[in-house]
Amino acid sequence: MPPELFDTAAGALRLALLFFTALALPVTLQVLLLFGAGIALLSLAGLAARAIVTLLSLVGTPVHELSHALASLLTLSRVAVVKLHSDDAGVGFVASQRSNPLGEIFISLAPTFFGVLVMWLAAVYIIPGFEAPAVHPPQLDLESAASFGAVFGEISDFLVQFLLATYERLLDLQWDNWRTYVGLYVVLSVGIRIVPSAADLKALLWGLPLAALLLFGLFVWLYVSGDALSTFETLQEALWPPLLKFATAVTTAFALAALGILVFLPLGLQEYARRNAE
């Protein structure tokens, strides 16, 4: 490889690493935490009573399935069947013809992206006084982004500050207003149903290498178009405000799911012990 191409590839890789660790990674970790909390909450609620799972999923499951259907239409994939709720497990499905790897990625991730958007819209336009906390993004540069210790420290500090700030704002909501409860229910219901299904994850495994290659090409273009650090600062200034808003909705859903886990944990453990005894 010629030295010029090697330098360009290395610079683009550093820029991509900085972008991921300082911007994408914090929000990605918050979404993954919500995935885990949502799965745990639904599992415990299912042990307590199937009707509770259905109640928790009344809004989230239709949003999940309609997101698949909308993404299928946007990627020109034929939608054969849309079922918003099954008769037994409280989950639905969308049968579509996924024609290409990029389309499969978009369709598979659609419930997460559209779900977060619906959560944010519900929080902002239904819950009175809902605001994103003023938390600064992780402070990383081209050098520190390549250090595991620096990334771990910055991301950990950010997540702790963000979670505490979100809980504090939850306590300050207008609890005497019915819209607060409606909005929080929508956020929770959608949030615990944005987890990709097994079929979605399988489609992602096939399409992610191509998506990663295309993203790397984008960072190569950004790197050669100007100074890497200046490019990142421009991206950070433009993307952080909306990312912060969406992350607030995600962390709010996580906080509510964590509270639900505490509520259903004794009931779930009791039912699990009863079933094993039988």
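Read-outs: derived from the displayed coordinates by stated rules, not from any lab. Predicted model, so just to flag it, every value in this text is computed and none were measured. Here the Cβ is made from the backbone with ideal geometry for all residues, glycine too, and neighbour counts use every protein chain on show.
Overview of values
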{"quantity": "Least to most buried among His64, His136 (fewest other Cβ within 10 Å first)", "calculated": "His136, His64"}
{"quantity": "Sparsely packed GluC sites (Glu not before Pro) within segment 137-228, loop by DSSP, other Cβ within 10 Å at most 12", "calculated": "Glu143"}
{"quantity": "Computed lengthening from Ala165 to Ala198, 0.36 nm per intervening residue step minus Cα-Cα distance", "calculated": "8.5 nm"}
{"quantity": "Furthest towards positive pole of dipole, Ile261, Leu117, Gln139, structure part the chain, Cβ charges", "calculated": "Ile261"}
{"quantity": "Neighbour-count order for Arg169, Arg193, fewest beta carbons within 10 angstrom listed first", "calculated": "Arg169, Arg193"}
{"quantity": "Computed over segment 120-278: relative contact order in percent, which uses C-alpha pairs under 8 Å that are six or more apart", "calculated": "34 percent"}
{"quantity": "Candidate values (1) 17.9; (2) 22.0; (3) 15.5, label of the one derived for mean projected area of the Cα convex hull in nm²", "calculated": "(1)"}
{"quantity": "Calculated [θ] (222 nm, deg cm²/dmol) that DSSP helices of n ≥ 4 give over the chain, each run adding -39,500 (n - 2.57)", "calculated": "-25500 deg cm²/dmol"}
{"quantity": "The chain, relative contact order in percent, only Cα pairs under 8 angstrom and at least six apart counted", "calculated": "34 percent"}
